[in-house]
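The values are calculated or read from the model by the stated rules, or taken from the named source; none is laboratory data. Everything numeric in this text was worked out from a predicted model, so none of it was measured. Every residue, glycine among them, receives a Cβ derived from its backbone with ideal geometry; neighbour counts consider all protein chains shown.
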Amino acid sequence: MAVDDLASRATGQIKQMVGDDEAPGGVRSGGGGETLRYVAHHHGRWVALLVFSASALKNGARDRWIGWDHGVQFYRLNLVSNNARFLLLPGSPRNLGSRVLSLCTRRLVRDWPVRFGHELLLVETFVDATRHRGTVYRAANWIEAGRTQGFARAGRGYHKHAHPKLVFLYPLCRRARTRLLNAHLEPDLLKGPPRMTLTRAQMCSLPDVFTTIDDPRRAQGRRHSLSSILALSAAAILTGARGYKAISEWVNDQSQDVLSHFRVRWTNGRRVPPSRSAIRSVLIRVDSRQLSDALDIWNRAHGGHDSALAIDGKTMRGAIDADGNRTHVLGIIGHTTKAPHAQKKWG
């Protein structure tokens, strides 16, 4: 891609890094979520390397700048990318950094929808203030939104380190903040099924609503309480898991702290989550009416943040009850939280 003069002295190009098995102009994505890698070259020589990947799960400065809350930002994080790497190679021309950033963000706006099927609205990055001032980002008109609190991801948790970082943001369109904050996201920006996150209070309250449900299992051989298994299953489904395998994978991915909120059994000094077979055994045998009533109680307690509800229903093909009536399914979803308030079926 030919570009204008760099610092009124030279011309150059910026292109995507393409693998041998890809057609010219293709995009190489990384294994950890949505990722694009770029190479900037000047007169045939590489001068800069850039990586744009999935946004940070927690970034207080970014979230305050946008103005969204935790419940909204979780399912819109795919509209934000993180400039995870920016390396100017030795011997590069002076004043090149801001020019490369400008060219790359223009290219990113076009490449991202082609590769991942949705628009990108904002780019973020982190700068270690003890080593750099972020001059290149400032020169490229990036916005300094604040500083991090000094926490870094470590395994399944977070630990505090000594160097809070500067947070820089770059809107990729004029109404980026407004579009990210809209109560109703534009259809073109939606991707995948609605999903939500659970607060500590919501996680801790889930086991309580299932304590009145009759346990269909024999007393012999029970290793996990019914309320714990149902709470874990409900949380997994609320956050996007579909099917026994997905529920089990979600449960196994949780930290010891999260498992403690669901009152998972303590064995040999750690919380041991239920197996896939144990989860499946409970879900296929539990009384569906008691389960539905318990979930209704939990929804009424935590569904007050929705200003509107979406109601949809359908008639199931080929599903006929004993009286010959066709089966109908009705679902009610909260617009703000995306929480399922009810799902009923009847003949």
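Checking residue 234 against (1) of a type outside the set (Val, Ile, Thr); (2) in contact with a Pro (Cβ under 7 Å, 6 or more places away or on another chain); (3) touching a residue at least 24 places away in the same chain (Cβ under 8 Å), which single condition isn't satisfied? Unmet condition: (2).
Residue 315: modelled with pLDDT of 75 or more, in a strand (DSSP E or B), surrounded by 14 or more Cβ atoms within 10 Å (Cβ to Cβ) and of a type in the set (Ser, Thr, Tyr), yes or no?
Working: modelled with pLDDT of 75 or more: yes; in a strand (DSSP E or B): yes; surrounded by 14 or more Cβ atoms within 10 Å (Cβ to Cβ): no; of a type in the set (Ser, Thr, Tyr): yes.
Spelling it out, it is not the case that residue 315 is modelled with pLDDT of 75 or more, in a strand (DSSP E or B), surrounded by 14 or more Cβ atoms within 10 Å (Cβ to Cβ) and of a type in the set (Ser, Thr, Tyr).
When segment 124-148 is limited to residues that are more than 18 Å from residue 80 (Cβ to Cβ) and in contact with an Asp or Glu (Cβ under 9 Å, 6 or more places away or on another chain), the one that is modelled with the lowest pLDDT turns out to be 134. Within segment 105-116, residues that are touching a residue at least 24 places away in the same chain (Cβ under 8 Å) sit with their Cβ atoms under 8 Å from residues that are part of a helix (DSSP H, G or I), at 6+ positions apart or across chains, in these pairs: 116/78. Summed over segment 43-91, the residues that are in contact with a Lys or Arg (Cβ under 9 Å, 6 or more places away or on another chain) and among the aliphatic types (A, V, I, L, M) give a count of 10. Among the criteria (1) at pLDDT 75 or above; (2) farther than 30 Å from residue 47 by Cα, the one residue 193 does not fulfil is (1).
Restricting attention to segment 62-77, and to residues there that are touching a strand residue (DSSP E or B) at 6+ places or on another chain (Cβ under 8 Å) and of a type in the set (D, E, K, R), which single residue is surrounded by the fewest Cβ atoms within 10 Å (Cβ to Cβ)? Per the stated criteria, the residue is 64. Annotation note: of 83, 59, the sole residue that is within 26 Å of residue 199 (Cα to Cα), in the same structural domain as residue 137 (by TED's automatic domain parsing) and crowded, with 17+ Cβ neighbours inside 10 Å is 59.
Per the listing 257, 215, the residue uniquely farther than 30 Å from residue 76 by Cα and either within 21 Å of the chain's Cα centre (by Cα) or surrounded by 13 or more Cβ atoms within 10 Å (Cβ to Cβ) (or both) is 215.
Does residue 121 fit the bill of being in the same structural domain as residue 105 (by TED's automatic domain parsing) and at pLDDT 90 or above? Reasoning before the result, please.
On the way: in the same structural domain as residue 105 (by TED's automatic domain parsing): yes; at pLDDT 90 or above: yes.
Judged against the criteria, residue 121 is a match.
Among the residues of segment 231-247, which ones are more than 19 Å from the chain's Cα centre (by Cα) and farther than 15 Å from residue 207 by Cβ? Scanning segment 231-247 gives 243, 244, 245. For first residues located in segment 169-188 and over 11 Å from residue 68 (Cα atoms), partners that are surrounded by 18 or more Cβ atoms within 10 Å (Cβ to Cβ) and basic (Lys, Arg) and lie 6+ apart or on another chain with Cβ distances below 7 Å form the pairs 169/62; 185/76; 186/179. Name every residue in segment 255-275 that is without any contact (Cβ under 8 Å) to a residue 40 or more places away in the chain and in contact with a Leu (Cβ under 6 Å, 6 or more places away or on another chain), in order of residue number. Across segment 255-275, the qualifying residue is only 271.
The lone criterion from (1) in a helix (DSSP H, G or I); (2) farther than 26 Å from residue 148 by Cβ; (3) among the charged types (D, E, K, R) left unmet by residue 94 is number (1).
For segment 149-181, the set of residues classified as at pLDDT below 80 and either of a type in the set (A, V, I, L, M) or within 18 Å of the chain's Cα centre (by Cα) (or both) consists of 152, 153, 154, 155, 156, 157, 158, 162, listed by residue number.
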